[in-house]
Every structure is written in C-alpha cells, then in structure tokens.
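Undergrad: Let me give you the structure first, and then I'll get to my questions.
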Amino acid sequence: EVIRRVAEEAATTLNIDSSDPDKLTKAEREKLKYNRAAKLVDGHIDRGVVKRTVMTSVYGVTFIGARKQIQEKIEEKLEAQ
C-alpha cells in the first residue's frame with residue numbers, strides 16, 4: 001500500500017554522528033538540520049498524516065500545499081494529546 005510505505009519512509013530517522021560537527025560534510029550538516037526537525041515530529045507520522053497528501057498528489061498538489069496538509073494533521077495530533 002502506497003500510503004503505508006510513504007508513512008514508513010517519512011518516519012525513518014537519519015543516523016549521523018554529530019558529536020564532532022567539524023568532521024561532517026556539507027551534505028551531512030544539511031541532513032542533520034532536517035534530522036533535528038524530524039525529531040520534533042518523531043512518533044507523530046503515520047498513515048493518517050500522509051494519506052491526504054498522497055491522495056491529492058495525483059491532482060497536482062504543490063509542495064507548499066502538501067507541507068500545509070501534513071502540518072495541519074501533525075498539529076491536530078499534538079492538540080489531541
């Protein structure tokens with residue numbers, strides 16, 4: 001199922017050793033920046049979060065629109081806690 005696979009991929013974390021930032025490549029520093037953001041939503045990405053975005057992708061949802069859809073679902077989940 002596509003939606004489940006997207007949710008699993010979105011939930012994966014990056015394994016980058018950030019103990020010595022001077023040894024990181026530019027690409028690793030960029031990934032680490034996104035990894036920190038990913039940690040904020042860790043455990044909140046599931047099928048329900050990505051379903052709407054996956055379903056609307058065939059209709060040409062923009063990156064901004066997709067980001068907004070996902071943000072709204074994550075905010076709903078956080079408010080429900």
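The values are calculated or read from the model by the stated rules, or taken from the named source; none is laboratory data. The shown structure was predicted, so the numbers you read here are calculated from the model rather than taken from an experiment. Quick reminder, even Gly has a Cβ in these numbers, built from the backbone with ideal geometry, and neighbours come from all protein chains shown. Only protein heavy atoms, including side chains, enter the accessible area calculation; ligands, DNA and RNA are left aside. Shrake-Rupley method; radii C 1.70, N 1.55, O 1.52, S 1.80 Å.
Undergrad: With every protein chain left in place, what is the accessible area of residue 78 in Å² (1.4 Å probe, nearest 10)?
TA: Rounded to the nearest 10, the figure is 80 Å².
Undergrad: Divide by every residue of the chain the summed helix terms, -39500 (n - 2.57) for each DSSP H run of at least 4, and state the resulting mean residue ellipticity at 222 nm, rounded to the nearest 500 deg cm²/dmol.
TA: The helix contribution divided over the chain gives -21500 deg cm²/dmol.
Undergrad: With a Förster radius of 41 Å, plug the Cβ-Cβ distance of residue 72 and residue 28 into 1/(1 + (r/R0)^6) and report the FRET value to the nearest 0.05.
TA: It comes out at approximately 0.85.
Undergrad: While we're looking at this one, here's another question. What label, among (i) 47; (ii) 42; (iii) 60, belongs to percent of Cα pairs over 19 Å apart computed from the structure on display?
TA: So the calculated entry is the one marked (i).
Undergrad: Please report the net charge: other residues with Cβ closer than 13 Å to the Cβ of residue 56, K and R +1, D and E -1.
TA: That works out to +4.
Undergrad: What angle, in degrees between 0 and 90 and rounded to the nearest 10, separates the Cα long axis of helix 47-57 from the longest principal axis of the Cα atoms of the chain?
TA: Rounded to the nearest ten degrees, it is 70.
Undergrad: Please give the contour-minus-distance gain from residue 20 to residue 79: 0.36 nm per residue of separation, less the Cα-Cα distance, rounded to one decimal in nm.
TA: The residue 20-residue 79 span can extend by a further 17.6 nm.
Undergrad: Next up: Provide the gained length on full extension for the span residue 44 to residue 2, in nm with one decimal, where the gain is 0.36 nm per separating residue minus the Cα-Cα distance.
TA: Roughly 13.3 nm would be gained on extension.
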